[in-house]
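The values are calculated or read from the model by the stated rules, or taken from the named source; none is laboratory data. Treat the numbers as computed from the prediction; the structure is a model and nothing was measured. All Cβ positions, glycine included, derive from the backbone under ideal geometry; neighbour counts span all protein chains shown. Ligands, DNA and RNA are stripped out before the accessible areas are found, and what is left, the full protein with its side chains, is counted by its heavy atoms. Shrake-Rupley method; radii C 1.70, N 1.55, O 1.52, S 1.80 Å.
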Amino acid sequence: MDGYPNIHHLTASQVLAPIQLSKGINPIAEVKVARVARRPAILIRSSPWKAGSVETPWHDEFDLVNGRVTYFGDHRVDHTVPVGETQGNKVLRKAWASHRATTVQERTMAAPLLVFATVTRNKTPKGYVKFCGLAVIEGVEEVEQKDKGRPFPNFRYELALLDLSAENDLLNWSWIEARGDNRLPMAETLEHAPRSWRRWVEGGRAVLPAIRQRPLHLEESDVGPRSVSRSGDEDTLFSTASQSRRQDVSSVEHDNQQPALTAGLLMERLRNLRVHRRDGRISRHKPLALMWAIARNARGETRLAPWPQFRDEVGKLLIEFGRSHSSPTPEYPFWHLRTSGLWDVAGLSAEQASKISASILDRSKPQAGFTHQADRLLRDPFVRSQAIAVLRETYFAEFAQHELMEQLGLAGYENASGIEALAEEQGQQGPAARRVTSAFRIVRDVGLANKIKEMYSDHCQVCGTQLAKRFGTYSEAAHIRGLGQPHNGPDELANLLVLCPNHHVQFDTLAIYIDPDGIVRSTADGSHQGVLHRLPMHLISEAHLRYHRALCGRDVPGQEALVSEPSPGTARRGEEYPLDAGCNE
């Protein structure tokens with residue numbers, strides 16, 4: 001139509017009703033399969049030319065370079081129903097329940113999101129859409145928005161775009177048709193699904209860093225503002241990554257005037273902060289402020305923090321963890337972190353900015369925090385873990401890590417197991433001050449631990465040691481991605497290793513890691529410590545191993561670190577050794 005592909009023609013089906021793109025959130029009707037409702041897909045449409053209008057007061061953000069989309073729900077200031085009861089929010093929150101599911105069975109039923117953006121053609125903003133990718137919901141947050149000064153609640157959805165390079169950047173519509181055919185079981189519909197979707201169904205959130213749409217590695221001449229005009233021949237409706245990586249959706253990304261920030265560039269900038277040096281010792285003002293801001297990001301707080309809060313909280317950190325010869329001057333990192341390329345300061349006039357001091361900041365009360373691009377990248381748990389590891393190793397290696405991370409509000413990142421969640425404290429009692437707390441203990445599958453230890457007959461997968469007891473033998477089951485916060489790993493065989501007590505402690509305290517080739521290495525110097533022994537029937541998740549490497553600061557973002565899982569009966573990157581029969585507790 002008008003020389004452009006027509007979506008209704010491309011998606012015409014004898015199974016599905018005609019699809020709709022008239023609203024922001026367009027669900028395809030559910031079908032019942034074995035008494036269970038299955039939704040073929042949800043089509044998401046963003047209209048950047050309407051952003052900020054009465055009809056669409058929010059601003060969606062499309063970071064196609066890094067495979068991330070921030071999308072706002074359909075609640076408006078004049079709605080009288082609860083925020084979660086508008087049609088679009090209701091559909092997406094139901095989808096979120098399956099997208100965050102911890103079992104393969106639940107994720108199999110999850111509805112895929114197909115993301116579109118309105119583009120201008122022939123000077124007409126309406127009626128033309130560009131397909132931006134296949135997505136899953138990575139996070140949901142209730143936020144307060146304003147329409148002409150009037151506040152109203154809404155939901156903000158963080159979407160992860162999946163890599164379709166294995167399908168030559170094409171989406172096969174027969175997959176959506178298969179999902180809408182109530183005669184087909186889920187296992188059969190998955191045969192039509194993109195490879196990245198099948199991997200997500202198998203591995204869940206842990207594999208997102210591996211299957212996210214690949215970031216663009218820009219040459220120097222490619223960065224900066226780019227035009228959105230192209231001939232119709234270049235713009236096919238279902239061609240995604242190859243075009244999206246060349247061109248972001250215009251006017252949707254707030255900071256699209258800046259060079260695209262990838263996870264790799266983020267780590268490089270963190271490692272190479274411009275910091276003050278005295279007698280060969282570096283100031284920790286900037287690294288502490290960045291760690292504090294990462295903690296805010298991890299808690300889901302706003303990107304920019306007001307100066308009074310920054311002054312009080314970062315000031316206390318500088319007193320406790322700054323150099324003994326350094327003055328606790330929080331105004332220094334508040335303003336000068338802008339040189340990192342990761343930091344914004346808002347609310348200062350040009351005159352005030354020319355002579356920064358604590359008194360000027362006290363009077364003007366500006367805000368500061370990560371740039372839009374850095375903030376979005378750090379919302380990814382994998383990227384956040386990597387960033388924390390880089391800062392810890394580069395600037396805080398000599399510190400007692402537990403105390404440092406606890407004071408920063410990042411407890412759990414200093415080890416692979418994480419921490420148990422504590423309930424709210426209750427009162428005091430007795431002659432001396434007391435406090436009562438209750439902990440939410442993680443319920444581990446003892447049978448699963450016994451199963452994997454029996455599989456290896458209590459041999460350590462790192463050193464092969466089988467510890468003898470008075471009766472029987474002993475080993476420990478170690479989770480690769482810890483079950484505790486903030487890691488929240490799954491309790492499954494793919495996330496377990498069998499280790500002796502020594503190597504269990506070293507693995508949990510991040511003293512050793514497993515590289516992409518299965519070599520066990522020392523985190524301190526990368527020295528060879530052994531080869532991870534694997535049995536063909538033990539399919540270890542490469543995504544969990546990569547997450548552990550990120551905690552150790554030993555993974556390069558954006559690299560092709562993950563490959564296909566080995567099929568049963570195929571040994572890979574390990575050594576087999578004789579397993580002696582032995583008793584197991």
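Rounded to a whole number, what % of the accessible area of the range 470-550 do carbon and sulfur atoms account for, probe 1.4 Å? Walk me through the intermediate numbers first.
Values: 1480 of 2790 Å².
In the range 470-550, the share of accessible area belonging to carbon and sulfur is 53 percent.
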### Hydrodynamic radius (Kirkwood) for the range 5-150, which is based on Cα pairs only, to one decimal in Å
16.7 Å
### Query
Where the convex hull is taken over the Cα atoms of the range 267-318, what is its projected area averaged over directions, in nm²?
4.3 nm²
### Task
Figure the gain on full extension for GLU398 and ARG363 (residue separation times 0.36 nm, minus the Cα-Cα span) and round it to one decimal in nm.
8.9 nm
### Query
What is the extension gain from LYS123 to GLU191, computed as 0.36 nm multiplied by their sequence separation minus the C-alpha to C-alpha distance, in nm to one decimal?
20.4 nm
### Summary
The simple spin-label model distance between ASN502 and GLU142, using points 7 Å out along Cα→Cβ, in nm, is 5.3 nm
### Query
So how far apart, in nm, are the two label points at ARG150 and ARG35 if each is 7 Å from Cα heading toward Cβ?
4.7 nm
### Task
Express the accessible area of the range 81-158 per residue in Å², computed with a 1.4 Å probe while the remaining protein chains stay in the model.
46 Å²
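Just the accessible area per residue of the range 260-394, please: how many Å² with a 1.4 Å probe?
42 Å²
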### Message
With the crude spin-label approximation of a point 7 Å out along Cα→Cβ, what separation in nm comes out for ALA12 versus HIS276?
### Response
7.1 nm
### Query
Carbon-plus-sulfur fraction of the accessible area of the range 5-51, 1.4 Å probe, in percent?
53 percent
### Message
Ignoring ligands, DNA and RNA, please state the percent of accessible area on the range 357-399 from carbon and sulfur, probe 1.4 Å.
### Response
50 percent
### Task
Tell me which residues come under 5 Å, amide H to amide H, from ASP344 once H is placed; ignore anything under 5 positions away on its chain.
GLY369, PHE370, THR371
### Query
What is the set of long-range amide H partners of SER46 at a cut-off below 5 Å, with H atoms built 1.01 Å from backbone N?
PHE116, ALA117, THR118
### Query
Residue by residue through the range 383-399, which ³J(HN,Hα) values in whole Hz follow from phi under the Karplus form 6.51 cos²θ - 1.76 cosθ + 1.60 (θ = phi - 60°), with glycine and proline marked x?
5, 5, 4, 5, 5, 4, 4, 4, 5, 4, 6, 7, 10, 9, 4, 8, 7
### Task
Apply the Karplus parameterisation 6.51 cos²θ - 1.76 cosθ + 1.60, with θ equal to phi minus 60°, to every residue of the range 135-150 and state each ³J(HN,Hα) to the nearest whole Hz, in sequence, with x for glycine and proline.
9, 10, 7, 9, x, 9, 9, 7, 10, 10, 10, 10, 10, 6, x, 8
